[in-house]
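The values are calculated or read from the model by the stated rules, or taken from the named source; none is laboratory data. Computed from a predicted model, the values in this text were never measured in an experiment. Don't worry about glycine lacking a Cβ; one is built from the backbone with ideal geometry, like all the others, and counts go over all protein chains shown.
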Amino acid sequence: MPTAAKVLAAVPDALGKERLLGLRRHLEANIRGQEHVMERVSSVLTRGELGLAHPARPKGSFLFVGPTGVGKTELTNVFTAYLFDGLKPIRFDMSEYQNQLSVEKLIGREADEVGLLGRALSGILGGTLLFDEIEKAHPLVLDLFLQMLDDASITFATGERKNLAPFYLVFTSNIGSSEAMRMTSAPMATVERTVLSRVGQQLRPELVGRITEKIVFSRLEFDTQCEICELIIGRERARLHGMGFSVEVSDGAVEFLIRKGYHRSLGARPMRSVVERYLQDAVAGRLLACDSGCGRLVVDCRNETLELQG
């Protein structure tokens with residue numbers, strides 16, 4: 001049991017408190033269409049950062065379930081960067097860990113090997129471990145997750161034991177996504193019950209039961225994808241501005257990008273690719289034409305593309 005001194009040591013200074021108070025607002029500013037998620041996620045993160053989580057478990061753990069492209073990984077990226085000074089999650093794609101050798105791949109086989117997980121964690125004192133598409137992992141890999149969730153540790157083939165108490169664990173899954181996509185008029189509470197029921201059928205209950213929060217993400221409606229398009233445009237403009245390129249985007253260009261990037265079943269993932277490609281192509285074309293990457297982005301109707309005009 002933590003002593004009072006240890007608990008007090010975890011209390012942040014004024015700047016840290018302000019940062020935690022702004023956490024939910026930051027998540028909402030960067031993730032669209034998942035308003036029901038923010039309170040639950042920020043609650044776990046706040047308790048973790050204040051040192052209130054059980055000392056023998058990770059700071060917090062999440063199972064994010066929902067269709068592709070709805071923000072499960074993006075939310076993980078956003079909160080990790082916010083809490084850990086720009087750090088990215090340590091990500092593992094479970095589709096690559098489907099056979100019996102997967103455990104050895106992760107934690108090592110010989111006495112001098114720590115595996116991919118051990119190498120990724122080397123020298124890292126805290127952050128987020130992200131395991132995408134957990135349902136594809138081999139059952140022996142799921143046993144490793146039980147150890148991580150149970151006592152916040154992982155033991156490598158070398159015998160070295162890594163403490164995971166300073167980490168958040170995030171598991172994502174597409175279980176129940178096809179049902180969720182078909183439930184177009186059902187309330188979110190009904191969708192969540194249906195999806196989590198499927199999760200309980202496919203994943204071991206002892207694993208699911210150890211995860212702090214099980215959260216179902218909504219499908220992204222057209223209006224939400226429009227908001228996401230403008231958010232991505234803003235980020236890409238800021239990135240280009242940092243490289244010395246000033247780009248104004250016309251309303252027509254925004255409508256063009258939404259039309260090209262909207263996808264009902266793939267969510268926002270195609271939108272990101274479309275915005276980045278068309279903005280970068282326009283800047284590249286302008287640079288080749290007149291050595292300037294600045295101007296106003298408009299639709300070139302003849303070539304069905306975007307053009308940067310001075």
>> Can you report the number of residues in segment 265-310 which are touching a residue at least 40 places away in the same chain (Cβ under 8 Å), out of contact with any strand residue (DSSP E or B) (no Cβ under 7 Å at 6 or more places or on another chain) and among the basic types (Lys, Arg)?
In response: 2
>> Looking at segment 26-71 only, could you name the residues that are aromatic (Phe, Trp, Tyr) and modelled with pLDDT under 95?
In response: none
> Quick check: anything in segment 96-113 in the same structural domain as ILE31 (by TED's automatic domain parsing), crowded, with 20+ Cβ neighbours inside 10 Å and closer than 24 Å to ARG272 by Cβ?
Replying inline: no
>> Quick check on my filter: what residues within segment 252-271 are buried (at least 16 other Cβ atoms within 10 Å of the Cβ) and farther than 24 Å from ARG182 by Cα?
In response: ALA253, VAL254, PHE256, LEU257
>> Take GLY123 and tell me if it is out of contact with any helix residue (DSSP H, G or I) (no Cβ under 9 Å at 6 or more places or on another chain) and either touching a residue at least 40 places away in the same chain (Cβ under 8 Å) or within 27 Å of ARG19 (Cβ to Cβ) (or both).
In response: yes
>> Going by what's in this entry, would TYR82 be described as closer than 30 Å to THR224 by Cβ and either surrounded by fewer than 22 Cβ atoms within 10 Å (Cβ to Cβ) or not assigned by TED's automatic domain parsing to the domain that holds PRO205 (or both)?
In response: yes
